[in-house]
Amino acid sequence: QVQLVESGGGLVQAGGSLRLSCVASRSIFSFNTMGWYRQAPGKQRELVAEITSGGSTNYADSVKGRFTISRDNAKNTVYLQMNSLRPEDTAVYFCKGERRPFGYWGQGTQVTVSS
């Protein structure tokens, strides 16, 4: 049973920063890709950023230059550093680990950015 637990969400003013953490119950080397997704009310879940086991990263255009995904293999943790936050970044943020053909999701953490 794989578990992913997110933390670090909260309420922040526009322009502020937050760092999200996702701790896995097993080595993150076992995942092909670890990613952060978000879902705003009434919208579909969308990819925010992802990082492969080799360290390659990919970002949604809307967060490029503001968000950074990283990993600490020793702590089985993936981070999402979010800077210059905007009200449109408000959403529930989910961590996902892909171990093909399976995908595992965390329970999500709420991020609210006030204007």
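Things worth noting here:
- The mean accessible area for residues of the chain, using a 1.4 Å probe and ignoring ligands and nucleic acids, is 52 Å² per residue.
- The chain - percent of accessible surface contributed by carbon and sulfur, probe 1.4 Å: 46
- Solvent-accessible surface (1.4 Å probe) assigned to Lys43 amounts to roughly 140 Å².
- With all protein chains modelled, accessible area of Tyr59 [1.4 Å, Å²]: 50
- Within the same chain, aspartates and glutamates fewer than 8 places from Lys43 are excluded, and of the rest, those with a Cα less than 16 Å from its Cα are Glu88, Asp89.
- Three-way shape call for the chain based on the alpha-carbon gyration tensor, with the a/c threshold at 1.5: prolate
- Placing unit charges on the Cβ atoms of the charged side chains and taking the dipole of the chain about its Cα centre, the candidate lying farthest along the positive direction among Val5, Asn73, Ser115 is Asn73.
- R0 of 30 Å, Cβ-Cβ distance Arg99-Asn58: FRET efficiency to nearest 0.05: 0.95
- Per-residue Karplus couplings for segment 86-97, computed as 6.51 cos²θ - 1.76 cosθ + 1.60 with θ equal to phi - 60°, are listed in order as 10, x, 6, 7, 4, 4, 8, 9, 10, 9, 9, x Hz, Gly and Pro entered as x.
The values are calculated or read from the model by the stated rules, or taken from the named source; none is laboratory data. Computed from a predicted model, the values in this text were never measured in an experiment. Here Cβ is always computed from backbone atoms with ideal geometry, including for glycine, and neighbour counts include all displayed protein chains. What goes into the accessible areas is simple: the full protein's heavy atoms, side chains included, and nothing from ligands, DNA or RNA. Shrake-Rupley method; radii C 1.70, N 1.55, O 1.52, S 1.80 Å.
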